[in-house]
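Below is one structure, written out as structure tokens; comments come after it.
The values are calculated or read from the model by the stated rules, or taken from the named source; none is laboratory data. Here the structure is a predicted model, which is why all the values come from computation and not from measurement. Cβ placement follows ideal geometry from the backbone for every residue including glycine, while neighbour counts extend to all protein chains displayed. Heads up: the accessible areas ignore ligands, DNA and RNA and are worked out on the full protein's heavy atoms, side chains in. Shrake-Rupley method; radii C 1.70, N 1.55, O 1.52, S 1.80 Å.
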Amino acid sequence: SAGQSGDSPMLPVLLDHLSVPRIGPGRPRTTPDRLRGDKAYSARGHRSLLRSRGITTTIPEPADQIANRKRRGSSGGRPPAFDPVDYKNRNHVERSFNHGKQWRGFATRYDKLGIVYRGAAVLNAIIRWLQRLRDTP
């Protein structure tokens, strides 16, 4: 996303571009089994979008949303389902992003063209993958 806008507004765009090829024959997958997100993804619009696509979510509810729901009483509705044990697995993704941020040019987004930035992301992923393969017999 541009500037200081954050990642949350890009969720619908990312879901529209999601395509995971299958190992065998068949169309690529366009719907993940689950989405683990932080409190920024707890907006009503995001939750309804994910629900309409049949995606299970593990997103904590921010304190202000909890307070607003409780203030409304019984018309505030039920709290969204949240699995704290599953949420702990989100740190794998966060650590992966933090590993990528060790590259100065990648982390600070010096590149002007999106294709160059994407190339840096792919190159970073390949290097990390090769480093892990080095340990295999």
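Looking across Arg69, Arg51, Arg47, Arg90, one residue alone is open to solvent by 90 Å² or more (accessible area, probe 1.4 Å) and of a type outside the set (S, T, N, Q). It is Arg51. If you scan the stretch 17-44, which residues turn out to be assigned to a loop (DSSP other than H, G, I, E, B) and in contact with a Ser or Thr (Cβ under 8 Å, 6 or more places away or on another chain)? Within the stretch 17-44, Leu18, Ser19, Pro28, Thr30, Asp33, Gly37, Ala43 meet the criteria. Of all residue pairs spaced 6 or more apart or on separate chains, those with beta-carbon atoms under 8 Å, a first member in the stretch 118-137 that is within 13 Å of Gln102 (Cα to Cα) and surrounded by 10 or more Cβ atoms within 10 Å (Cβ to Cβ) and a second member that is among the acidic types (Asp, Glu) and at pLDDT below 85 are Ala120/Asp111. Checked against (1) among the aromatic types (Phe, Trp, Tyr); (2) under 11 Å from the mean Cα position of the chain (by Cα); (3) farther than 23 Å from Val13 by Cα, Phe82 passes all but a single condition, namely (2).
Take Asp33 and tell me if it is open to solvent by 70 Å² or more (accessible area, probe 1.4 Å), touching a residue at least 12 places away in the same chain (Cβ under 8 Å), among the acidic types (Asp, Glu) and within 20 Å of Leu18 (Cα to Cα). Steps first, answer last, please.
On the way: open to solvent by 70 Å² or more (accessible area, probe 1.4 Å): yes; touching a residue at least 12 places away in the same chain (Cβ under 8 Å): yes; among the acidic types (Asp, Glu): yes; within 20 Å of Leu18 (Cα to Cα): yes.
Spelling it out, Asp33 is indeed open to solvent by 70 Å² or more (accessible area, probe 1.4 Å), touching a residue at least 12 places away in the same chain (Cβ under 8 Å), among the acidic types (Asp, Glu) and within 20 Å of Leu18 (Cα to Cα).
Taking only pairs six or more apart or across chains, which ones have beta-carbon atoms under 8 Å, a first residue in the stretch 53-81 that is part of a loop (DSSP other than H, G, I, E, B), and a second residue that is surrounded by fewer than 14 Cβ atoms within 10 Å (Cβ to Cβ) and acidic (Asp, Glu)? Pairs that qualify, where the first residue is part of a loop (DSSP other than H, G, I, E, B) and the partner is surrounded by fewer than 14 Cβ atoms within 10 Å (Cβ to Cβ) and acidic (Asp, Glu), are Ile55/Asp33.
Of all residues being assigned to a helix (DSSP H, G or I) and of a type in the set (Phe, Trp, Tyr) in the stretch 93-107, which is least open to solvent (accessible area, probe 1.4 Å)? Just the residue, please.
First, pick out the residues of the stretch 93-107 that are assigned to a helix (DSSP H, G or I): 93-100, 104-107.
Subsequent filtering for residues that are of a type in the set (Phe, Trp, Tyr) retains 97, 106.
Working: Phe97: 129, Phe106: 39 Å².
If we take residues in the stretch 93-107 being assigned to a helix (DSSP H, G or I) and of a type in the set (Phe, Trp, Tyr), then Phe106 is least open to solvent (accessible area, probe 1.4 Å).
Whenever a residue of the stretch 2-16 is of a type in the set (Asp, Glu), its partners that are modelled with pLDDT of 75 or more and in a loop (DSSP other than H, G, I, E, B), lying with C-beta atoms within less than 9 angstrom and at least six residues away or across chains, give the pairs Asp16/Thr30. Looking only at residues of the stretch 54-66 that are closer than 18 Å to Ser8 by Cβ and in contact with a strand residue (DSSP E or B) (Cβ under 7 Å, 6 or more places away or on another chain), we find that the one that is surrounded by the fewest Cβ atoms within 10 Å (Cβ to Cβ) is Ile55.
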